[in-house]
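Data block below; observations after.
The values are calculated or read from the model by the stated rules, or taken from the named source; none is laboratory data. Since this is a predicted model, take the numbers as computed values, not measurements. Glycine also receives a Cβ, built like all others from the backbone with ideal geometry; neighbour counts cover every protein chain displayed.
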C-alpha cells in the first residue's frame, strides 16, 4: 500500500462516527488537562488506560489517547499566558513572554498565536509523519536482536541524558524500571524472579498499575503538599485573532519551531519540553531585537508553542515504526496498543494498516478540532481553573482505584498501584524525574530478550553488536554519548564548578 | 534534602549489591554462550551499586545545602491520603464498592480538605453516584457487592 492509498484508507477509518467522537473526546480531555496545572498528559493517559479494555477497537482507543497527548500541548499554553503557571511541562517557557503579553493587555493575541502556531506545527509534523514513517518502518524490517538491543539501550540512555534532570538519578530510575519489568516469570528459562513467594506477582506487575500509581496518584500526592491556590482569572482576553503584524512577526518563528520540534520529537527522550526550550533559545539568539524577549515578544510564544506541538506529533514516529516509545506519554500509548494485542514496530504498517493510517489521519482531524476548541472557546477553558483541587483530587483517586480494579477484578492491583504511588511521590520529593521509569518498564523485556537472543545466535561472541553495520553505528553513538557525558562531567568538576544536579 | 539523598544513595548501593547476590545465587547467570535468568538483573544490580556510590561521592563534594522548596509544603496530607487509600482498597472488598466509596470521599473531605458537613455530603454523594454511573452503568465494570446484599 503506497502512502497516498494508505492515507485515504486512514481517513475512511478516522472519519467514521465513533472515531470522530473519540478523537473529539481526546482533544477535549487533552485541552482540559493541558489547562489544569498539576496533571500532565502522561498521567491522564495512564488514568484512562483501563478504558482501553472497554473500547473494543484498538484504532479508536489510540485515536483518543493520541488526541489527549497533542491536545495537552494546545491547552498547556493557556495557564502559562494567563496565570504565569504552566499547565504542563512543555509550556514552561511560554510563561516568560506569554505572561508579559497578557500583562500588557495582549493575552488574546498570545493565546491566538499559540493556537495558530500549534495548529500549523501539528499539521506540518503529521505531514512529516505521513511521509517519514513508512520508509523508516520498511528499513527497520531488517533489524534483528542485536539491532534491537542497540536501539533500545541507546533510546533509554538518550531518554535519561536528554530529560534535563540529573543523569545519575535518571540512570538509577532506568535500572529500577528494568528490574520492575523482570518481576515474575522469565519468558526464556521459565524461572520465577523477584516474587518472594507471592503467586499474584508471578504474572509480573501490570503496566497500568505502574503508570497510574507513579504518574496519576504520585502526582496527586505531591500536589496535596502544596499550599498554592489557583487565583481566579480576571485577565481580560481581548481579541484572540492575531493582527497582520503579529502574524508577520511570528510566521518564521512558527516555521522554525515546527522544524525544530519535528526533529527533536523523533529522538527518544527529546519530546515537547526540550523542543520548546530549544526553539525559545534559537528565536532569542537570531532575533533582531533579543532585548524584547522576556518583555512580551510574540516570537517567544509562537516558536516554543509550535515546537512542542510538532514534537508531540513526531514522537509517534519511533513508536509506530520501531516500537520504541520516546517519552512517558508515548510509553502509555505503547501500553494501550499492547493491551489491545497490537505490538508496535516495523510490522505495524503491514499487519495493522487500519491502526497505523487511521491514527495518522485522525491527527489531521484532531489538529483542526483543537484549533476550533482553542481559539474561540479559550474563555470557556479558563473557567475550568475555578474547579478546586479539593474536589478534583478525590475524583481522580476514585477514578484510578475503580479503573485499576476493573483490569483484572482483583484488589491486589489497587495495592500495587498504591505502592507505585508512594514510589512516584518519593521520586518527586527527591527530585527524580519519573519519565525513564515507564520507558524502562515497557522496553525492559525487549532489552533482555534481544540481549539473550543475540548472545545465543553468536555463541557468546560479543562482537555481534559491533560488527553488524546498524547495531555497530548505534553502539558507537551509545559509547560516544557516555564518553561525552563523562568528559563533560569531569571537565565541570575540574573547573571547580558545581555539577548541574545530583 | 541532602540528608535524605545520602540515605537514598546508600539504600540504592546496598539494594544493588543485594540484587547482584540474588541474581548470582538464586537466578544463576548462566554462561556467555547461554545466558540465564540472572544475567540482566545482575548487570542492573552492578549499575545500581556503582551509581549509589557515585551519587554519594558527588553529594560529598557538593558544598552547601540545597535551596529547598521555597513554597510551604504540608507533608502530612499525602501521608494521610495514602493511608486512606489503603483502607479504601481493603474496604472495597470487605463492605462493598458503593459504601466504601461514599465513606472514602467523606473521610477525604473531612480529614484532608477539612470541609463543612453539607459540602462534604454533597461532594461525596455526587462523586459516588458519578463513579457508579460511569463504571457500573455505562462501562459495565463488575464491582465488589455491598456487605448487606451478599
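Could you tell me whether any residue of the stretch A:444-461 is surrounded by fewer than 19 Cβ atoms within 10 Å (Cβ to Cβ), part of a loop (DSSP other than H, G, I, E, B) and at negative phi?
yes
The rows are residues; the columns are (1) modelled with pLDDT of 90 or more; (2) not in a helix (DSSP H, G or I).
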position	(1), (2)
B:4	no, no
B:13	yes, no
B:16	yes, no
B:20	yes, no
B:25	yes, no
B:32	no, yes
B:48	yes, no
B:52	yes, no
B:57	yes, no
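Is it the case that some residue within the stretch A:163-176 is within 14 Å of another protein chain (Cβ to nearest Cβ) and not in a helix (DSSP H, G or I)?
yes
Looking only at the stretch A:372-390, count how many residues are surrounded by fewer than 18 Cβ atoms within 10 Å (Cβ to Cβ) and either touching a strand residue (DSSP E or B) at 6+ places or on another chain (Cβ under 7 Å) or part of a helix (DSSP H, G or I) (or both).
Adding up the residues that qualify gives 7.
If residue A:56 meets every condition in (1) at pLDDT below 85; (2) crowded, with 24+ Cβ neighbours inside 10 Å apart from one, which number is that one?
Of (1) at pLDDT below 85; (2) crowded, with 24+ Cβ neighbours inside 10 Å, only one is false for residue A:56: (2).
Just to be sure, is residue B:71 facing chain A (nearest Cβ under 10 Å), at pLDDT below 95 and not in a loop (DSSP other than H, G, I, E, B)?
no
Tally the residues that are within 20 Å of the chain's Cα centre (by Cα) and more than 7 Å from chain A (Cβ to nearest Cβ), restricting the search to the stretch B:87-99.
Residues in the stretch B:87-99 being within 20 Å of the chain's Cα centre (by Cα) and more than 7 Å from chain A (Cβ to nearest Cβ): 3 in total.
Give the number of residues within the stretch A:328-354 that are in a loop (DSSP other than H, G, I, E, B) and touching a helix residue (DSSP H, G or I) at 6+ places or on another chain (Cβ under 6 Å).
4
Taking into account only those residues within the stretch A:41-61 that are assigned to a helix (DSSP H, G or I), more than 16 Å from residue A:402 (Cβ to Cβ) and over 14 Å from the mean Cα position of the chain (by Cα), which is farthest from the other protein chains (Cβ to nearest Cβ)?
Within the stretch A:41-61, the match that is farthest from the other protein chains (Cβ to nearest Cβ) is A:59.
Please count how many residues of the stretch A:423-451 are in contact (Cβ under 8 Å) with a residue 24 or more places away in the chain and farther than 28 Å from residue A:136 by Cβ.
So the answer is 10.
For the stretch B:3-15, how many residues are surrounded by 15 or more Cβ atoms within 10 Å (Cβ to Cβ) and more than 8 Å from chain A (Cβ to nearest Cβ)?
Total satisfying the criteria: 3.
Within the stretch A:160-204, track down each residue that is crowded, with 22+ Cβ neighbours inside 10 Å and more than 30 Å from residue A:485 (Cβ to Cβ).
The answer is A:193, and nothing else.
Please tell me if residue A:215 is in a loop (DSSP other than H, G, I, E, B) and closer than 26 Å to residue A:418 by Cβ.
Considered against the rule, which asks whether it is in a loop (DSSP other than H, G, I, E, B) and closer than 26 Å to residue A:418 by Cβ, residue A:215 comes out as no.
When only residues in the stretch A:462-484 that are within 14 Å of chain B (Cβ to nearest Cβ) and surrounded by 17 or more Cβ atoms within 10 Å (Cβ to Cβ) count, which is nearest to residue A:447 (Cα to Cα)?
Ranking the candidates gives A:465 first.
From the list A:194, A:207, which one is in contact with a strand residue (DSSP E or B) (Cβ under 9 Å, 6 or more places away or on another chain) and either under 19 Å from residue A:326 (Cα atoms) or at pLDDT 90 or above (or both)?
A:194
Residue check: is residue B:43 in a helix (DSSP H, G or I), within 30 Å of residue B:18 (Cβ to Cβ) and either facing another protein chain (nearest Cβ under 7 Å) or in contact (Cβ under 8 Å) with a residue 60 or more places away in the chain (or both)?
It is false that residue B:43 is in a helix (DSSP H, G or I), within 30 Å of residue B:18 (Cβ to Cβ) and either facing another protein chain (nearest Cβ under 7 Å) or in contact (Cβ under 8 Å) with a residue 60 or more places away in the chain (or both).
Say whether the condition of being over 17 Å from residue A:310 (Cα atoms), modelled with pLDDT of 90 or more and assigned to a helix (DSSP H, G or I) is met by at least one residue in the stretch A:64-84.
Checking the stretch A:64-84: at least one residue is over 17 Å from residue A:310 (Cα atoms), modelled with pLDDT of 90 or more and assigned to a helix (DSSP H, G or I).
For residues in the stretch A:398-426 being more than 10 Å from chain B (Cβ to nearest Cβ) and under 17 Å from residue A:165 (Cβ atoms), which is farthest from the chain's Cα centre (by Cα)?
Only one residue tops the list, namely A:423.
What is the one condition in (1) touching a helix residue (DSSP H, G or I) at 6+ places or on another chain (Cβ under 7 Å); (2) closer than 20 Å to residue A:279 by Cβ that residue A:127 does not satisfy?
The failed condition is (1).
Would you point out the residue of the stretch A:220-268, among those that are modelled with pLDDT under 85 and buried (at least 24 other Cβ atoms within 10 Å of the Cβ), that is nearest to the other protein chains (Cβ to nearest Cβ)?
Among them, the one singled out is A:268.
Considering every residue within the stretch A:452-468, establish whether at least one is touching a strand residue (DSSP E or B) at 6+ places or on another chain (Cβ under 9 Å), farther than 23 Å from residue A:44 by Cα and in contact (Cβ under 8 Å) with a residue 60 or more places away in the chain.
Checked against the condition, which is being touching a strand residue (DSSP E or B) at 6+ places or on another chain (Cβ under 9 Å), farther than 23 Å from residue A:44 by Cα and in contact (Cβ under 8 Å) with a residue 60 or more places away in the chain, the stretch A:452-468 yields at least one hit.
Could you look through the stretch A:429-443, keep only residues that are within 21 Å of the chain's Cα centre (by Cα) and facing another protein chain (nearest Cβ under 10 Å), and pick out the one that is surrounded by the fewest Cβ atoms within 10 Å (Cβ to Cβ)?
The selected residue is A:431.
Condition first: at the interface with chain A (Cβ under 10 Å from one of its Cβ atoms) and exposed (fewer than 13 other Cβ atoms within 10 Å of the Cβ). Now tell me which residues in the stretch B:123-150 satisfy that.
Across the stretch B:123-150, the qualifying residues are B:138, B:140, B:142.
Got at least one residue in the stretch A:295-303 being modelled with pLDDT under 80 and crowded, with 24+ Cβ neighbours inside 10 Å?
No, because not a single residue in the stretch A:295-303 is modelled with pLDDT under 80 and crowded, with 24+ Cβ neighbours inside 10 Å.
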